[in-house]
Structures are given as structure tokens and as C-alpha cells.
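Visitor: For reference, the structure I am asking about is given below.
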Amino acid sequence: QALEDAGGWPARYTAHRFADYAALVHHALGDRVDLWTTLNEPWCSAQLGYGMGIHAPGRSEPGNAMAAMHHLLLGHGLAIQAMRAAARPHEQLSITLNLWPVLPATNSTDDVAAGHLLDGFLNRLYLDPVLRGTYPEDVVAATTGLTDWSFVQTGDATVIAAPIAVLGINYYAPHRAQSPP
């Protein structure tokens with residue numbers, strides 16, 4: 001609660017405290033655990049917790065949801081670095097993302113474009129920084145009305161893209177995308 005009171009995941013500080021926490025847990029349990037997942041479903045934490053107010057902490061602040069998303073991923077990368085520094089050779093480090101196939105409702109150009117953008121918000125906004133070290137340009141452009149992306153600092157992309165051994169995937173259902181009328 002103290003971290004949430006100090007700004008929560010939209011605050012950069014939280015990413016660093018998460019890495020400290022991960023290092024402590026890794027130190028305490030590292031001799032018994034071979035597969036580590038830093039975060040489970042950061043989309044839910046960022047979007048449902050800070051963007052839509054459905055999950056804790058119950059905030060409906062879309063701009064802060066974008067900052068929370070970035071700081072969750074930064075926290076993941078910092079935790080990977082901290083754990084890797086003390087890891088045994090056979091340990092595997094990972095992140096688990098919830099991913100959805102996104103299909104256009106029709107083959108119309110507008111629905112295909114809507115599907116691509118929805119895929120960006122649901123999937124590529126998390127996959128691209130972790131696996132490619134960059135955010136998808138179309139999603140960044142589409143969110144300039146929500147945020148100026150000033151929370152991204154030089155070097156963050158390299159930290160977020162720290163190599164992982166496993167990509168966990170939680171799959172629930174496909175999404176259909178339709179362009180608004």
C-alpha cells in the first residue's frame with residue numbers, strides 16, 4: 001500500500017522497488033526454484049487496475065495506465081537483471097503475458113486496420129518491448145492524446161528487453177475487431 005500511496009506503478013520508483021523485492025525473494029528461494037516468472041499478466045495490472053478501474057487499485061486514468069505498463073515492464077527487466085546476477089546456471093527467467101489472437105470482424109480495410117491496432121494494444125505493446133526492445137510505433141502514435149511517453153527514459157528499452165529463457169502465455173479467447181461506424 002505504501003508504494004501505491006507513493007504513486008503506484010505509474011511512478012518509476014515502483015519498478016525499482018519491485019526489482020529489490022524480486023532479488024530478496026530470489027535470494028531466499030533460489031536454491032529451490034528453477035523457473036522464475038517476474039510478472040503475470042502486466043496488461044491486467046496496467047489496464048484493468050489503472051486504466052479501467054476494474055482491478056486494484058481501481059483507478060480510471062488511461063494516461064497513467066500507459067505509464068504503469070511501462071514501469072511494470074521496466075520492473076520486469078530490472079528484476080531479470082537482479083535475479084540473473086545471482087542465478088544458478090540452470091535457472092530459467094521469464095515473464096507471463098496474456099495474449100489474444102485478434103481477428104477483423106470483416107475483411108474491410110477499416111476492420112483490418114482496427115484489428116491491427118487492437119492487436120497493438122493487447123499484444124504488441126507488451127511483446128515488442130520484451131522481445132524486440134521497442135514499442136510499436138502505431139500504438140505510440142495512437143496514444144499521443146493519452147500520454148506524451150515522457151516516462152520512457154534512455155536505456156529503458158535495453159533493460160526491458162533483457163533476455164529471458166521462457167515466455168509464458170496465458171490464452172483465454174480471441175477478439176474480433178470492428179472499426180467504429
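The values are calculated or read from the model by the stated rules, or taken from the named source; none is laboratory data. Note that this is a predicted model, so its numbers are computed, not measured. Note: ideal-geometry Cβ built from the backbone for every residue, glycine included; neighbour counts use all protein chains shown. Heads up: the accessible areas ignore ligands, DNA and RNA and are worked out on the full protein's heavy atoms, side chains in. Shrake-Rupley method; radii C 1.70, N 1.55, O 1.52, S 1.80 Å.
Visitor: If we keep just the residues of the range 34-55 that are in contact with a strand residue (DSSP E or B) (Cβ under 9 Å, 6 or more places away or on another chain) and among the hydroxyl-bearing types (Ser, Thr, Tyr), which is least open to solvent (accessible area, probe 1.4 Å)? Please lay out each step first, then the result.
Guide: Here is the first cut: in the range 34-55, the residues in contact with a strand residue (DSSP E or B) (Cβ under 9 Å, 6 or more places away or on another chain) are 34-45.
Add one more test, that the residue is among the hydroxyl-bearing types (Ser, Thr, Tyr), and what stays is 37-38, 45.
Values: 37: 66, 38: 19, 45: 45 Å².
Only one residue fits best here, namely 38.
Visitor: For the range 142-155: of the residues being within 13 Å of residue 66 (Cβ to Cβ) and open to solvent by 40 Å² or more (accessible area, probe 1.4 Å), which is farthest from the chain's Cα centre (by Cα)? Let's see the steps before the verdict.
Guide: Within the range 142-155, the subset within 13 Å of residue 66 (Cβ to Cβ) is 142-152.
Then keep just the ones that are open to solvent by 40 Å² or more (accessible area, probe 1.4 Å); that gives 142, 144-146, 148, 150, 152.
Working: 142: 18, 144: 18, 145: 20, 146: 17, 148: 18, 150: 17, 152: 13 Å.
Applying the filter and picking the extreme gives 145.
Visitor: Moving to a separate point now. Output the residue which, of all residues in the range 121-132 that are open to solvent by less than 50 Å² (accessible area, probe 1.4 Å) and of a type outside the set (Ser, Thr, Tyr), is farthest from residue 81 (Cα to Cα). Quick ask: steps written out before the conclusion?
Guide: Just the residues of the range 121-132 that are open to solvent by less than 50 Å² (accessible area, probe 1.4 Å), to begin with: 122-130.
Next cut, of a type outside the set (Ser, Thr, Tyr) only: 122-125, 127-130.
On the way: 122: 26, 123: 23, 124: 23, 125: 21, 127: 18, 128: 19, 129: 16, 130: 13 Å.
Here the answer is 122.
Visitor: Residues in the range 156-169: is at least one open to solvent by 90 Å² or more (accessible area, probe 1.4 Å), under 16 Å from residue 99 (Cα atoms), under 15 Å from the mean Cα position of the chain (by Cα) and in contact (Cβ under 8 Å) with a residue 40 or more places away in the chain?
Guide: yes
Visitor: Let me ask another. I'm told residue 135 meets every condition in (1) open to solvent by 60 Å² or more (accessible area, probe 1.4 Å); (2) under 17 Å from the mean Cα position of the chain (by Cα); (3) closer than 25 Å to residue 82 by Cα except one. Can you identify the failing condition by its number?
Guide: (1)
Visitor: Can I ask one more? Given the residues 173, 161, 157, which is the only one that is closer than 24 Å to residue 114 by Cβ and hydrophobic (A, V, I, L, M, F, W, C)?
Guide: Details: 161 fails: closer than 24 Å to residue 114 by Cβ; 157 fails: closer than 24 Å to residue 114 by Cβ.
Result of the check over 173, 161, 157: 173.
Visitor: For the range 19-46, give me each residue that is without any contact (Cβ under 8 Å) to a residue 40 or more places away in the chain and closer than 28 Å to residue 143 by Cβ.
Guide: 45, 46
Visitor: For the range 12-52, give me the residue count where each residue is closer than 13 Å to residue 79 by Cα and assigned to a helix (DSSP H, G or I).
Guide: So the count comes out to 14.
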